[in-house]
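Single-structure report; data block below.
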Amino acid sequence: MSSEGPEMSPAMRDVLGKVRQMVPPMLEKFHKGQMGRIAVIGGSVDYTGAPYFSAMASARLGCDMSHVICTPAAAAVIKTYSPNLMVHPLMRQSPERPIPPTSGNAPSSADTDSAEISKRIIEMLPRLHALVIGPGLGRDPLMQETCAKVLVAARERKMPVVLDADALAIVLKSPELVMGWREVVLTPNVVEFGRLWKGIKNHESEKGDRSETAQVEALSKALGGVTIVQKGGKDYISNGDTTLVVENRGGLKRSGGQGDTLTGSIATFLGWRNAYLEELWDHGGQLDESETIGLAAFGGAAITRECSRRAFEKKGRSLQASDLTEEVHGAFIHMFGDEEVDAKL
């Protein structure tokens, strides 16, 4: 790890050492796509930045292929942001006003039926290692229903999924979709965590009597052991059994969109986790599979906080989410060091 920047605690260095074991070395034998194929589902007519920031963070951190699955209106905009992303206009929003079926302008079921819309997205899942659902999703009923169906299919495949922002509303409405799903990661901020606590635990008065660690552990257990990243002054990560604290210093500006860097970063670590579990390189297998989801979340959170710190030092009050995107690679080098040159083939 680089000596640049503030010192990290010994405990955090120990966990980062474990996370580093999941980071693939740069080897000539690898093929395109083996180091992570990620998709971000979100992006509506009102929100085009969030899925872009998530997908770009994933790409800048080092996944091989980064996709965005969004509405056609959002796709047209996102494609202008970067030619490096693969953008698929497969999502649909509800019609602004009902159109009589007898009208010649009535939309087809392919644009209004969540089952048909989700089918096109579900067909992509075998080509992916991890999903992010939520950035720029919005609360549109058709968008939410479509994502709920995609979640069911992803769970059947035991695919890791990161849920953020408006995707957390799906969890509140239908917690059974994620209950006991060990490969799912929720990334609520303080307000979203409070909503989940009230909706899932139904004992909001007890929340104030617990430490942050106890709160995130309790909510994770209530959802059957999903991994939760409670964002805040420190990030608390728990699957109900093991709790990790990410405490490296971040920036002081709380601009919108910084959480999208987090979701994309976690997704890349989840893609690397797949490569680690498939033993695509000789790594000695020192990590237990049960701890790898939490380690992926830890790595993503640590990278994001370092991006925030570096960007804030340069931009101060003017910091925007795009400034974090520019810091992803430098943050990786700081947290994990330069690329290995002596990896075993």
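The values are calculated or read from the model by the stated rules, or taken from the named source; none is laboratory data. Note that this is a predicted model, so its numbers are computed, not measured. Reconstructed Cβ throughout: ideal geometry from the backbone, glycine too, with neighbour counts over all protein chains shown.
Go through the range 160-170 and count every residue that is under 15 Å from the mean Cα position of the chain (by Cα) and either surrounded by fewer than 22 Cβ atoms within 10 Å (Cβ to Cβ) or part of a helix (DSSP H, G or I) (or both).
Result for the range 160-170: 4.
Go over the candidates ALA297, ALA267 one by one and state the one that is over 23 Å from LYS32 (Cα atoms), buried (at least 24 other Cβ atoms within 10 Å of the Cβ) and in contact (Cβ under 8 Å) with a residue 12 or more places away in the chain. Before the answer, list the steps.
Details: ALA267 fails: over 23 Å from LYS32 (Cα atoms).
Step by step, each of ALA297, ALA267 is checked, and only ALA297 is over 23 Å from LYS32 (Cα atoms), buried (at least 24 other Cβ atoms within 10 Å of the Cβ) and in contact (Cβ under 8 Å) with a residue 12 or more places away in the chain.
What are the residue pairs meeting all of these: first residue in the range 319-334, first residue at pLDDT 95 or above, second residue surrounded by 22 or more Cβ atoms within 10 Å (Cβ to Cβ) and not in a helix (DSSP H, G or I), Cβ atoms under 7 Å, and 6 or more apart or on different chains?
From residues that are at pLDDT 95 or above, the pairs are LEU319/GLY251.
Here is a list of conditions, (1) at negative phi; (2) buried (at least 18 other Cβ atoms within 10 Å of the Cβ); (3) not charged (D, E, K, R), and LEU277 meets all of them except one; can you say which number that is?
Condition not satisfied by LEU277: (2).
Looking at ALA57, ALA74, ALA39, ALA50, which one is farther than 22 Å from VAL150 by Cα, buried (at least 24 other Cβ atoms within 10 Å of the Cβ), among the small types (Gly, Ala, Ser) and in contact (Cβ under 8 Å) with a residue 40 or more places away in the chain?
Working: ALA74 fails: farther than 22 Å from VAL150 by Cα; ALA39 fails: farther than 22 Å from VAL150 by Cα; ALA50 fails: farther than 22 Å from VAL150 by Cα.
Going through ALA57, ALA74, ALA39, ALA50 in turn, just one is farther than 22 Å from VAL150 by Cα, buried (at least 24 other Cβ atoms within 10 Å of the Cβ), among the small types (Gly, Ala, Ser) and in contact (Cβ under 8 Å) with a residue 40 or more places away in the chain: ALA57.
For the range 24-36, give me each residue that is surrounded by fewer than 22 Cβ atoms within 10 Å (Cβ to Cβ) and touching a Ser or Thr at 6+ places or on another chain (Cβ under 6 Å).
Of everything in the range 24-36, nothing turns out to be surrounded by fewer than 22 Cβ atoms within 10 Å (Cβ to Cβ) and touching a Ser or Thr at 6+ places or on another chain (Cβ under 6 Å).
Just one of (1) closer than 25 Å to PHE269 by Cβ; (2) under 18 Å from the mean Cα position of the chain (by Cα); (3) not in a helix (DSSP H, G or I) trips up PHE30, so point out which.
Going through (1) closer than 25 Å to PHE269 by Cβ; (2) under 18 Å from the mean Cα position of the chain (by Cα); (3) not in a helix (DSSP H, G or I) one by one, PHE30 breaks only (2).
Quick check on GLU176: is it part of a helix (DSSP H, G or I) and closer than 24 Å to GLY256 by Cβ? Talk me through it step by step, then tell me what you get.
Numbers: part of a helix (DSSP H, G or I): yes; closer than 24 Å to GLY256 by Cβ: no.
No, not satisfied.
Being surrounded by fewer than 20 Cβ atoms within 10 Å (Cβ to Cβ) and at pLDDT below 95: is that true of ALA110 here? Walk me through how you get there before you give the answer.
Numbers: surrounded by fewer than 20 Cβ atoms within 10 Å (Cβ to Cβ): yes; at pLDDT below 95: yes.
So ALA110 passes the test.
Quick one: would you say GLY5 is small (Gly, Ala, Ser), assigned to a loop (DSSP other than H, G, I, E, B) and at pLDDT 95 or above?
Numbers: small (Gly, Ala, Ser): yes; assigned to a loop (DSSP other than H, G, I, E, B): yes; at pLDDT 95 or above: no.
Criteria not met by GLY5.
Among (1) within 19 Å of the chain's Cα centre (by Cα); (2) under 15 Å from GLY136 (Cα atoms); (3) surrounded by fewer than 22 Cβ atoms within 10 Å (Cβ to Cβ); (4) not small (Gly, Ala, Ser), where does ARG20 come up short?
So ARG20 meets the others, but not (2).
Which of the helices (runs of 4 or more DSSP H) contained wholly in the range 278-344 include at least 2 residues that are more than 17 Å from the chain's Cα centre (by Cα), more than 18 Å from GLN230 (Cα to Cα) and small (Gly, Ala, Ser)? Outline the logic, then answer.
Numbers: elements: 289-315, 321-325, 328-336.
Answer list for the range 278-344: 289-315, 328-336.
Taking the conditions exactly as written (surrounded by fewer than 20 Cβ atoms within 10 Å (Cβ to Cβ) and either in contact with an Asp or Glu (Cβ under 8 Å, 6 or more places away or on another chain) or farther than 21 Å from ALA130 by Cβ (or both)), does SER255 satisfy them or not? Spell out how you get there, then give the answer.
Details: surrounded by fewer than 20 Cβ atoms within 10 Å (Cβ to Cβ): yes; either in contact with an Asp or Glu (Cβ under 8 Å, 6 or more places away or on another chain) or farther than 21 Å from ALA130 by Cβ (or both): yes.
Criteria met by SER255.
Given the structure, is VAL226 within 19 Å of ALA296 (Cβ to Cβ) and either surrounded by fewer than 16 Cβ atoms within 10 Å (Cβ to Cβ) or in contact with a Phe, Trp or Tyr (Cβ under 7 Å, 6 or more places away or on another chain) (or both)?
On the way: within 19 Å of ALA296 (Cβ to Cβ): yes; either surrounded by fewer than 16 Cβ atoms within 10 Å (Cβ to Cβ) or in contact with a Phe, Trp or Tyr (Cβ under 7 Å, 6 or more places away or on another chain) (or both): yes.
In short, yes.
Among the residues of the range 37-67, which ones are polar (S, T, N, Q), modelled with pLDDT of 95 or more and not in a strand (DSSP E or B)? Explain how you work it out, then say what you get.
We begin by selecting, within the range 37-67, every residue polar (S, T, N, Q); these are 44, 48, 54, 58, 66.
Narrowing the set further to residues that are modelled with pLDDT of 95 or more leaves 48, 54, 58, 66.
Answer for the range 37-67, where residues must be polar (S, T, N, Q), modelled with pLDDT of 95 or more and not in a strand (DSSP E or B): THR48, SER54, SER58.
Among the candidates ARG155, ARG120, which residue alone is at pLDDT 95 or above and either in contact with a helix residue (DSSP H, G or I) (Cβ under 6 Å, 6 or more places away or on another chain) or within 30 Å of PRO24 (Cα to Cα) (or both)?
Details: ARG120 fails: either in contact with a helix residue (DSSP H, G or I) (Cβ under 6 Å, 6 or more places away or on another chain) or within 30 Å of PRO24 (Cα to Cα) (or both).
Among ARG155, ARG120, only ARG155 is at pLDDT 95 or above and either in contact with a helix residue (DSSP H, G or I) (Cβ under 6 Å, 6 or more places away or on another chain) or within 30 Å of PRO24 (Cα to Cα) (or both).
Need the failing condition index for ALA267 against (1) among the aliphatic types (A, V, I, L, M); (2) over 20 Å from VAL185 (Cβ atoms); (3) touching a Cys at 6+ places or on another chain (Cβ under 8 Å), just the number.
It fails just one condition, (2).
Please state which one of GLU176, GLU183, GLU217 is surrounded by 14 or more Cβ atoms within 10 Å (Cβ to Cβ), out of contact with any helix residue (DSSP H, G or I) (no Cβ under 7 Å at 6 or more places or on another chain) and not hydrophobic (A, V, I, L, M, F, W, C).
GLU217
Check GLY240 against each of (1) at positive phi; (2) touching a residue at least 60 places away in the same chain (Cβ under 8 Å) and name the one condition it does not meet.
Evaluating GLY240 over (1) at positive phi; (2) touching a residue at least 60 places away in the same chain (Cβ under 8 Å) leaves (2) as the failure.
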